[in-house]
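These notes concern the structure reproduced below.
The values are calculated or read from the model by the stated rules, or taken from the named source; none is laboratory data. As the structure is a prediction and not an experimental result, all values here were calculated from the model. Here the Cβ positions follow ideal geometry from the backbone for every residue, glycine too, while neighbour counts run over all protein chains shown. For accessibility, only protein heavy atoms count, side chains too; no ligands or nucleic acids. Shrake-Rupley method; radii C 1.70, N 1.55, O 1.52, S 1.80 Å.
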Amino acid sequence: MDFVKPTIEYAELSPLLIVFGVAALGVVVEAFVARERRHVVQVSLAFVGVLAALAATVLVGLDLADVGPGQGLVGAEGSVVVDGPTVYLWGLVLVFALGGVALFAERRLEAGVSVFAGQAAALPGTEAERRSSGLAHTEVYPLVMFAVAGMMLFPAAGDLLTMFVALEVLSLPLYLLCGLARRRRLLSQEAALKYFLLGAFSSGFFLYGVALVYGYAGSMDLDVIHSAVLNRTDDRTLLLLGIAMLSVGLLFKVGAVPFHAWTPDVYQGAPTAVTAFMSAATKVAAFGAILRLYYVGFGANRWDWQPMLWVVAIITMLVGAVLAVVQSDVKRMLAYSSVAHTGFILTGVLGLQATGALGEGEVTSLQAVLFYLTTYGFATVGAFALVTLVRDANGEATASAKWAGLGRRSPLVAGVFALFLLSMAGIPLTAGFVGKWAVFTVAMSAGAWPVVLVAIASSIIAIFFYIKFVRLMFFVDAEGDVAEVSVPSPLTSVTIGVCALVTIGLGLVPGPVLDLVAHAGDFIR
């Protein structure tokens, strides 16, 4: 047998390689740089790495733009697909990673130390933890870079094995990051353990689904799977079981019902900076993988998996919206809001149609979902970043009662938080309204009008608890101990400001971003 050397398209894969390289270099920094210098070195390295990867992504996107929409390449011997949607998702993940690193680097809010535990192995309340209280836990920066690398590889995977590897690469660092809170350590560690255990189960389902689909198609490549689905009519049970198992793993990552149980506990217990990064970037990566798997691998079989997604989308929207109403913790309220938004995005995924069925000027379901992910990501990062500013003597004040009257004590912070809530509610002149309009429109065009009716009803319920919180901040008098707003460093301030400007800008002028996602074209095989 002759050996054929593999071909690696280094230029087109440079964003991925840069992030992986920076993550590995961060591990070396932890080993050889003095402790007192690590924070500055790691923060600088992470910022430079993300910016370099973002610049490389822009260059790759410009090369694809010269070729035209719907173009790209299948690189790394078929393992990684670089096309328009991949490049857009890469850019989105890197932008949210930039905001995440900025929130990770915040030290002013905790009197000169980071929000992460000084020594992860120290038990809460012990002498070891007290001795490490002033230390900086700088391992978080290599961890977040490895997570970003997995998030970039996940939606670009050209085969199921690469998709599984990317799933684990993005998940394992997040399990660790969720358990590293400096305050409320037990709650943070409980959240990390729940996330890890449930994530391990979901990964097992995904891997079993890979085996079943391989048994059906004889390959893990998505294009070969597509051909098998298109041409074979026998042994459909194996295929359907495989799709169901794969769906469990992917729907867990986006927090869809009934695989959402981890979401409120992890969002509440994890350091809020991690929650902000994870809630936006993980959803972008996971929905990118869902779109590629369903549209590329199983697009010819959509009449089998679409009814399942109808049910999942409906119960996800209803459960998320109804349970958010009764929450008394702002982070848990945002967590159940995230569950509801997962249902809204799944409504857009249901809009898959044949290209010829689209009218002139209509957006595709892929474009609608990409735009919704953009609007949701900026709003949720900004909202969680603002949560880090509202504090009392015990740190972050996440109890809703402590936010009463915040609009009088700090009208700017309350007003910006209200902006993000109104965008999530889909109020006109905000980015969220355009995003919901896009996904509801494509679902209606595909005939999923019952799902859209439920989505509208869920949106009305969601408006109730969003407006309820706005009323709490501006029209309810504070009683007892209340929270005050701390002044953050420029890193957090700029992150919040950018998220607010994008939320307003996409609500007033969504055209440029809609044109950008339209120019990204479709997935290639």
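The table that follows gives values for the structure above.
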{"read-out": "Surface share of carbon and sulfur [accessible, 1.4 angstrom probe, percent] for the chain", "value": "68"}
{"read-out": "In sequence order, calculated HN-Hα J values of segment 19-27 (Karplus, 6.51, -1.76, 1.60; Hz; x Gly/Pro)", "value": "5, 4, x, 5, 4, 5, 5, x, 5"}
{"read-out": "Values of log10 I(q)/I(0), in the order q = 0.19, 0.22, 0.30 Å⁻¹, for segment 303-345 under a Debye, Cα-only, solvent-free model", "value": "-0.52, -0.63, -0.92"}
{"read-out": "Matching label, Rg and Dmax of the Cα atoms in Å computed from the structure shown, candidates [x] 25.0, 75; [y] 24.8, 94; [z] 22.3, 79", "value": "[z]"}
{"read-out": "Cα centroid of segment 78-106 to Cα centroid of segment 1-52, whole Å", "value": "15"}
{"read-out": "Residue-normalised accessible area of segment 213-308, expressed per residue, 1.4 Å probe, Å²", "value": "28"}
{"read-out": "Cα-Cα over 21 Å, subset of Lys194/Lys331; Lys253/Lys331; Lys253/Lys468; Lys283/Lys402; Lys253/Lys402", "value": "Lys253/Lys468; Lys283/Lys402; Lys253/Lys402"}
{"read-out": "Mean Cα-pair separation over length for segment 373-444, i.e. relative contact order, pairs under 8 Å, 6 or more apart, %", "value": "28"}
{"read-out": "Principal axes of segment 177-233: Cα extent on each, largest first, Å", "value": "57, 16, 13"}
{"read-out": "Net charge, Trp90 excluded, C-beta distance under 12 Å - Lys, Arg +1, Asp, Glu -1", "value": "-2"}
{"read-out": "Part-to-part distance (alpha-carbon centres) for segment 229-257 and segment 472-505, which is given in Å", "value": "42"}
{"read-out": "Segment 434-525 - Kirkwood radius from inverse mean 1/r over Cα pairs (Å)", "value": "17.4"}
{"read-out": "Sum of -39500 (n - 2.57) over DSSP H runs of 4+, divided by residues of the chain (222 nm, nearest 500)", "value": "-23000 deg cm²/dmol"}
{"read-out": "Gyration tensor verdict on segment 1-64 (Cα atoms; rounded if a/c is under 1.5, prolate if a/b is larger than b/c, oblate otherwise)", "value": "oblate"}
{"read-out": "Local electrostatic count, Ala399, Cβ distance below 13 Å [Lys/Arg +1, Asp/Glu -1]", "value": "0"}
{"read-out": "Order by protection proxy (mean Cβ within 10 Å, highest first), peptides 56-62, 171-177", "value": "171-177, 56-62"}
{"read-out": "Heavy-atom accessible area per residue - segment 6-113, 1.4 Å, Å²", "value": "42"}
